[in-house]
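The values are calculated or read from the model by the stated rules, or taken from the named source; none is laboratory data. A quick note: this is a predicted structure, and the numbers were derived from the prediction, not measured. Neighbour counts run over all protein chains shown; Cβ positions are idealised from the backbone, glycine included.
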Amino acid sequence: MSDTLVNVPGTEPKPSSNQASAKLWRPKRVLVTPAALEWDHGRAIVERAAALGSDIVELKSNRLTGLAGEDARQAYVTAKTTLAVVVAPPGKRRLQPIPPSADWRVDLAEGCPAHCQYCYLAGSLSGPPVTRVYANLPEILGSLPDYVGKGSVTSRSPDRAQEGTTFEASCYTDPLGIEHLTGSLAATIAHFGLWQAPVQLRFTTKYDAVQPLLDLPHHRQTRIRFSVNAQPAVRFEGGTASVAARLKAMRQVALAGYRIGLTVAPIMPVENWREAYRTLLQDAATALEGVPELDLTAELITHRFTPGSKSVLNEWYPGSALEMDEAARARKTTKFNSVKFVYAPDVMREMRTFFEGAIKVHLPAARVLYWT
Ligand code: SF4
């Protein structure tokens, strides 16, 4: 099957000695389905992984097998070292709204190689957390025009309407963390850049390998946000780039003309939290000094958990020091009748007041999109 992705000479991510740093993920095993091998994009992903030294396993059917472990922890370890190249079925290609971030969620992949002890994917994905990447990217991108002008977040908001119809690509993955293998993000950025319509691609990342994105024809139709946290919270983020590296990458993409953002998440009242978060905001301001035509947003997301995510995270990270104590939290029922535990109202108020004030002082150019 032939792909119709935008070809950007010189920007195709290739495994290189520079990129093969400790931070770049090299899956031990790559499972590829027969359907994925029918796509040029799927075959290119397999070739990149093979060049990095991954074992390639061509499956006989389109179902993923061989993911079970002796126990949940073992299944986790196996899954986190496995990349699956699959085809996104039609159901997955029907986009879902994703408030408060964007109009629509578009998935280029599902799963992530990092090891965050609060991972947002816990309890949302079924089965072991294998990283699945989609070979049929041309089909995924081909379905997007149907959604233009139809969203309920930026499309309908007087404050954010200038962003156009927004498509969020990091709900179920960290697309930059796997970009050296997939090339999907570069192709999607170029696709949006050349799309003559009021649309914007958005994604957030805890990685810093932005080099392959710098020369893309993005035409400011992509906002790259960096997920950052105060130093005491960063110890929960295994396998990611350091916050300093993320901020340096943020400067690089801003200088390359991208719209950018800070996703401060998950905000936690860690020890000396005011000082720790103030330092973070000051560091971000320093990283952005002198950037011309800066378009900066901030999204402020506090830590929360559900009974389901807590039980999955306890299996994945037994002995983690991450606080998930229901008794210390406020219980909330969502409109879908599920339960989540957030910080108590007085803690939330205190943290929100701090952030709104500190952002005005240290990052006056930032537009705060939401606090949650
Ligand atoms: S980077 Fe995001 S998706 Fe990946 S492990 Fe961390 S929280 Fe989960």
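Among the conditions (1) hydrophobic (A, V, I, L, M, F, W, C); (2) within 15 Å of the chain's Cα centre (by Cα); (3) away from the ligand (no atom under 16 Å from the Cβ); (4) assigned to a loop (DSSP other than H, G, I, E, B), Trp104 misses just one, which is (4). Inside region 70-101, can you point out the residues that are assigned to a loop (DSSP other than H, G, I, E, B), in contact with a helix residue (DSSP H, G or I) (Cβ under 9 Å, 6 or more places away or on another chain) and of a type outside the set (D, E, K, R)? Once the filter is applied, which keeps residues that are assigned to a loop (DSSP other than H, G, I, E, B), in contact with a helix residue (DSSP H, G or I) (Cβ under 9 Å, 6 or more places away or on another chain) and of a type outside the set (D, E, K, R), region 70-101 yields Val87, Ala88, Leu95.
This table checks each residue for (1) buried (at least 21 other Cβ atoms within 10 Å of the Cβ); (2) under 19 Å from the mean Cα position of the chain (by Cα).
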{"residue": "Thr240", "(1), (2)": "yes, yes"}
{"residue": "Val243", "(1), (2)": "yes, yes"}
{"residue": "Met250", "(1), (2)": "yes, yes"}
{"residue": "Ala276", "(1), (2)": "no, no"}
{"residue": "Asp283", "(1), (2)": "no, no"}
{"residue": "Glu289", "(1), (2)": "no, no"}
{"residue": "Thr297", "(1), (2)": "no, yes"}
{"residue": "Asp346", "(1), (2)": "no, no"}
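Taking the criterion of being at pLDDT 95 or above, farther than 18 Å from Trp273 by Cα and within 15 Å of the ligand (Cβ to nearest atom), the residues of region 222-239 that qualify are Ile224, Arg225, Phe226.
Give the number of residues within region 224-240 that are in contact (Cβ under 8 Å) with a residue 24 or more places away in the chain and part of a helix (DSSP H, G or I). Number of matching residues: 3. Look through region 108-121, keep the residues that are within 22 Å of Arg29 (Cβ to Cβ) and in a loop (DSSP other than H, G, I, E, B), and return whichever of them is farthest from the ligand (Cβ to nearest atom). Checking each candidate, the answer is Leu108. Quick check on region 317-338. Is at least one of its residues assigned to a helix (DSSP H, G or I) and within 24 Å of Thr205 (Cβ to Cβ)? Checking region 317-338: not a single residue is assigned to a helix (DSSP H, G or I) and within 24 Å of Thr205 (Cβ to Cβ).
Scanning region 45-69 for residues that are assigned to a helix (DSSP H, G or I) and either surrounded by 19 or more Cβ atoms within 10 Å (Cβ to Cβ) or touching a Pro at 6+ places or on another chain (Cβ under 8 Å) (or both) gives Ile45, Val46, Arg48, Ala49, Ala51, Leu52. If you go through region 299-339 and keep only what is hydroxyl-bearing (Ser, Thr, Tyr) and either free of Cβ contacts under 8 Å to residues at least 24 places away in the same chain or surrounded by fewer than 11 Cβ atoms within 10 Å (Cβ to Cβ) (or both), you end up with Thr333, Thr334.
For region 131-170, the set of residues classified as at pLDDT 95 or above, in contact with a Gly (Cβ under 8 Å, 6 or more places away or on another chain) and either hydroxyl-bearing (Ser, Thr, Tyr) or within 16 Å of the ligand (Cβ to nearest atom) (or both) consists of Thr131, Arg132, Thr165, Thr166, listed by residue number.
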